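Undergrad: Okay, handing you the structure first.
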Amino acid sequence: MQDSLVLTIFAGVAVFVVSQFFMKFVLDPAVALKEVLGEMSHFFLLHQAKITNAHGSDELQQGVKRLSAQLLAKKEAIPCYTVFSWLLGLPKETALIEAAKELNQISYHLMQNMPDPRGNSGLGSPIVINRSMRRIQEQTGTRVSYE
């Protein structure tokens with residue numbers, strides 16, 4: 001009788017510890033990654049006119065760079081990302097890396113629409129930015145434009 005009580009208590013404590021481990025090391029980082037994806041959607045929809053026309057500012061450039069860095073940092077916080085991304089419905093690891101590259105490209109082109117002293121108009125930047133935004137939307141499943 002006393003052995004079964006000890007075993008029951010031990011099993012209860014073990015289940016609690018395992019569930020807390022899973023929650024703190026897998027679920028919480030996955031939620032943080034989803035929050036960054038939501039923040040990315042918010043950022044792009046809020047500043048869409050400036051971003052798609054490549055009329056950005058230093059603040060917008062830094063915001064895009066920050067999102068790129070956060071995206072990869074939050075992904076790295078999830079152990080065995082390949083397994084848990086499949087279980088939790090997160091974007092694939094390669095898709096997140098490509099999305100981060102696209103974000104960096106957008107950051108570079110954000111202020112490239114300004115007249116170039118060498119005579120180049122810089123009108124290709126809005127096209128590059130729009131293409132990158134479409135790729136980000138496809139790769140992450142996150143809405144970054146109203147299209």
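Undergrad: Which distance in nm do the two modelled labels at L7 and E39 give, with both placed 7 Å along the Cα-to-Cβ direction?
TA: Calculated label separation equals 4.8 nm.
Undergrad: Could you run the Karplus curve 6.51 cos²θ - 1.76 cosθ + 1.60 with θ = phi - 60° over segment 127-144 and give me ³J(HN,Hα) per residue in whole Hz, x for Gly and Pro?
TA: After applying 6.51 cos²θ - 1.76 cosθ + 1.60, I find 5, 5, 5, 4, 5, 5, 5, 5, 5, 4, 4, 5, 6, 9, x, 9, 6, 10 Hz.
Undergrad: So, one more: Using a 1.4 Å probe over the heavy atoms of the protein chains, calculate the carbon and sulfur portion of the accessible area of segment 53-96 as a whole percent.
TA: Working: 1460 of 2550 Å².
Carbon-and-sulfur percentage of accessible area, whole number: 57.
Undergrad: Another question, then. If you roll a 1.4 Å probe over the heavy atoms of the protein chains, what accessible area per residue do you get for the chain, in Å²? Display every interim value, and only then the final one.
TA: Working: 9210 Å² over 147 residues.
In whole numbers, the chain has 63 Å² accessible per residue.
Undergrad: Calculate the tail of P(r) for the chain: the fraction of all Cα-Cα distances greater than 28 Å, expressed in %. Working shown, then result.
TA: Numbers: 3825 of 10731 pairs.
In whole percent, the long-distance tail amounts to 36.
Undergrad: Report relative contact order for segment 1-130 in percent, whole number only (criteria: Cα-Cα under 8 Å, sequence separation at least 6).
TA: Working: 110 pairs, mean separation 37.3, N = 130.
Rounded, it is 29 percent for segment 1-130.
Undergrad: Just from its helices, what would the mean residue ellipticity at 222 nm be for the chain, if runs of 4 or more DSSP H residues each count -39500 (n - 2.57) and the sum is divided by every residue, rounded to the nearest 500 deg cm²/dmol?
TA: Details: 7 runs with 106 residues, N = 147.
-23500 deg cm²/dmol, from helical runs alone.
Undergrad: If you take every residue apart from L90 with its C-beta less than 14 Å away from the C-beta of L90, what net charge results, scoring Lys and Arg +1 and Asp and Glu -1?
TA: Working: positive: K34, K74, K75, K92; negative: D28, E35, E76, E93.
Within the 14 Å Cβ shell, the charges total 0.
Undergrad: So what's the convex hull volume per residue for the Cα atoms of segment 30-72, in Å³?
TA: Details: hull volume 2.4 nm³, N = 43.
Dividing the Cα hull volume of segment 30-72 by its residue count gives 56 Å³.
Undergrad: What FRET efficiency do you get for I97 and R66 if R0 is 22 Å and r is their Cβ-Cβ distance, rounded to the nearest 0.05? Write down the numbers at each step before the final one.
TA: Numbers: r = 17 Å, r/R0 = 0.76.
After rounding, the FRET efficiency stands at 0.85.
Undergrad: What length, rounded to one decimal in nm, is gained on full extension from D28 through to A73, with 0.36 nm per residue of separation minus their alpha-carbon distance?
TA: Details: separation 45, 0.36 × 45 = 16.20 nm, distance 1.35 nm.
So the chain would gain 14.8 nm between D28 and A73.
Undergrad: What order do you get for 18-31, 47-60, 96-109, 127-140 when each peptide is scored by the mean count of other beta carbon atoms within 10 Å, highest first?
TA: Numbers: 18-31: 13.4, 47-60: 15.8, 96-109: 20.9, 127-140: 18.4.
Those peptides, ordered most packed to least, come out 96-109, 127-140, 47-60, 18-31.
Undergrad: Continuing with the same structure: Hey, what's the Kirkwood Rh for segment 1-70 if you take every pair of different alpha carbons, in angstrom? Could the numbers behind the result be given before it?
TA: Working: mean 1/r = 0.0639 Å⁻¹.
It is 15.6 Å.
The values are calculated or read from the model by the stated rules, or taken from the named source; none is laboratory data. These numbers were taken from a predicted model, which means no experiment stands behind them. Positions of Cβ are backbone-derived with ideal geometry, glycine not excepted, and every protein chain shown enters the neighbour counts. Note: areas computed on protein heavy atoms with side chains; ligands, DNA, RNA excluded. Shrake-Rupley method; radii C 1.70, N 1.55, O 1.52, S 1.80 Å.
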